[in-house]
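Structure first, then comments.
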Amino acid sequence: MPSPAIAALDSAGLPYRLVSHGPVGSLAEAAARGVAVPDVVKTIVVRRSADDHLFVLTPGDRVISWPKLRALLGVHRLSMPDAAGALAATGYERGTITPFGASTAWPVIADERLRGRQITLGAGERGLAVAVDADAAIATLDATVADVTDPQPTR
């Protein structure tokens with residue numbers, strides 16, 4: 001039986017390719033499997049209030065810009081749920097989260113830099129991703145596209 005994410009992709013008719021990458025501990029490890037770091041999309045769960053969340057899709061080499069995201073949403077406060085909160089909100093454990101097949105269809109915001117790219121997203125289970133056309137995924141998810149990220153800080 002396919003994961004909820006794969007079932008949702010199939011139901012939506014969105015073409016995808018499964019990418020089995022085994023365990024990875026970082027974006028760099030995921031990218032070493034043949035995907036450029038900016039194309040390894042992170043799905044971040046953001047909490048607006050106790051029972052109100054959203055998904056933010058960010059390129060792998062960027063991080064959420066909290067001021068930009070708050071301005072877009074017209075709110076003064078956002079947070080990220082802990083691991084248990086993310087699981088409760090999405091039905092997925094951290095590291096497997098995707099908006100496809102989530103237990104609740106929260107709104108999706110996609111960083112504008114994803115447009116025109118072939119990206120990989122979590123597939124709802126460890127060691128597995130899906131490669132999809134970003135524009136098709138954005139349309140399928142009815143995502144809001146905006147500049148909501150900043151470059152990943154260098155260490």
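For segment 17-150, the solvent-accessible area of protein heavy atoms averages 46 Å² per residue (probe radius 1.4 Å; ligands and nucleic acids excluded).
Shown for the chain: the carbon plus sulfur share of the solvent-accessible area, taken with all protein chains present and a 1.4 angstrom probe, equals 53%.
One chain, two ends: R77 and D51. Fully extended at 0.36 nm per residue, the span grows by 7.9 nm beyond their Cα-Cα distance. In the chain, the DSSP beta bridges split such that about 75 percent are antiparallel, to the nearest 5. Kindly list the residues of segment 122-155 that lie in the label zone of V37, defined by a backbone N under 11 Å from the point 7 Å along the Cα-to-C-beta vector. Answer for this model: 152-155. Put simply, the Cα atoms of the chain extend 39, 34, 28 Å along their principal axes, the longest span coming first. Across all Cα atoms of segment 91-155, the radius of gyration (one decimal) and Dmax (whole number) stand at 12.5, 36 Å.
Computed 3J(HN,Hα) for segment 63-69, one whole-Hz value per residue from the Karplus formula 6.51 cos²θ - 1.76 cosθ + 1.60 where θ = phi - 60°, is 10, 4, 8, 4, x, 5, 5, glycine and proline marked x. Taking the chain as a Gaussian network of alpha-carbon nodes connected by springs under 10 Å, the highest mean-square fluctuation of the residues L128, L114, L73 belongs to L73.
The values are calculated or read from the model by the stated rules, or taken from the named source; none is laboratory data. Just so we're clear, the structure is a prediction, and the values are computed from it rather than from any experiment. Don't worry about glycine lacking a Cβ; one is built from the backbone with ideal geometry, like all the others, and counts go over all protein chains shown. Ligands, DNA and RNA are stripped out before the accessible areas are found, and what is left, the full protein with its side chains, is counted by its heavy atoms. Shrake-Rupley method; radii C 1.70, N 1.55, O 1.52, S 1.80 Å.
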